[in-house]
Amino acid sequence: MATTTAPAAAPARPAPPKLPGRRYDHLFFSSMVALMLATVFIGFARTYYLAGVFHAPLPNGLIHLHGAAFSVWMLLLITQTSLVAAGRTDLHRRLGLAGLALGCAMIVLGVLAATDSLVRHAAQPSFAGLDPRTFYIIPITDIVLFAVLLYLGFRNRTDSTAHKRYLLLATTALLLAATARWPFLRSLMVADLLTYSFPVILAAYDLWSTRKLHRVTLWAGAALIVVHQVRVPIGNTALWHSFADAVLRLVR
């Protein structure tokens, strides 16, 4: 009688390494927002927060409103991340509508504040190391980036992983105003690099937690860095200077 031999069992494959996944999201995003808050405080401590806020020596009331709106935005981010970490997503959603309204107000105030700065410094040969007309492109592009990412964050509010990345990077788009004012920094390039640390840390967290970059981290973080790199050369062009001069004629 023929006999059959049972096939040898295939060697067991090693189990794939268990990834952290989204388990630490609450801690990570809360820490990132706290780091942003510290960044803003350091940048504006001497001229705004420690100068008494309401009595700070700012140029005019518009700049006071702009500073107040940005400060409330940072406090709202802290509140929103804390509510999610505490499981109060119901309150988080309600406050989200207020956050959208505040963000829209910040866009308007940001454009007005940038234009006010252009008017006040237009006669100077150099402002922050750049021609005032060239410098105007920096706050304008910051506000445009913030507006686009805020809109996308609101549109993707039911996708929590995309939503929080959009809002984190939207806030990052506004941070250069703070990092450029750090008392021991004297270079716009160094301030830019400090700002880039936020999308870089976010990318590192994605790779650590899921072994891949989230699509929002990849394209929105890359867009932010690319815009920062090309805007000053664009701001030096005759076309941009003509636009800035047209703005000056309009507001004067």
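Of all residues in region 123-148, those that are at positive phi have Cβ atoms under 7 Å from Cβ atoms of residues that are surrounded by 20 or more Cβ atoms within 10 Å (Cβ to Cβ) and at pLDDT 90 or above, 6 or more apart or on another chain, in 128/135.
Against the conditions (1) touching a residue at least 12 places away in the same chain (Cβ under 8 Å); (2) under 25 Å from residue 218 (Cβ atoms), residue 193 satisfies every one except (1). Looking at 211, 215, 249, just one residue is closer than 25 Å to residue 28 by Cα and either at pLDDT below 95 or of a type in the set (S, T, N, Q) (or both), and that residue is 211. Of note, residue 221 does not satisfy the criterion of being touching a strand residue (DSSP E or B) at 6+ places or on another chain (Cβ under 8 Å), surrounded by 15 or more Cβ atoms within 10 Å (Cβ to Cβ) and among the small types (Gly, Ala, Ser). Would you mind stating whether residue 168 is out of contact with any Lys or Arg (no Cβ under 6 Å at 6 or more places or on another chain), surrounded by 17 or more Cβ atoms within 10 Å (Cβ to Cβ) and in a loop (DSSP other than H, G, I, E, B)? Against the criterion (out of contact with any Lys or Arg (no Cβ under 6 Å at 6 or more places or on another chain), surrounded by 17 or more Cβ atoms within 10 Å (Cβ to Cβ) and in a loop (DSSP other than H, G, I, E, B)), residue 168 does not qualify.
The values are calculated or read from the model by the stated rules, or taken from the named source; none is laboratory data. What you are looking at is a predicted structure, and each value in this text was computed from that prediction instead of being measured. No Cβ is skipped: glycine too gets one built from the backbone with ideal geometry, and neighbour counts run over all protein chains shown.
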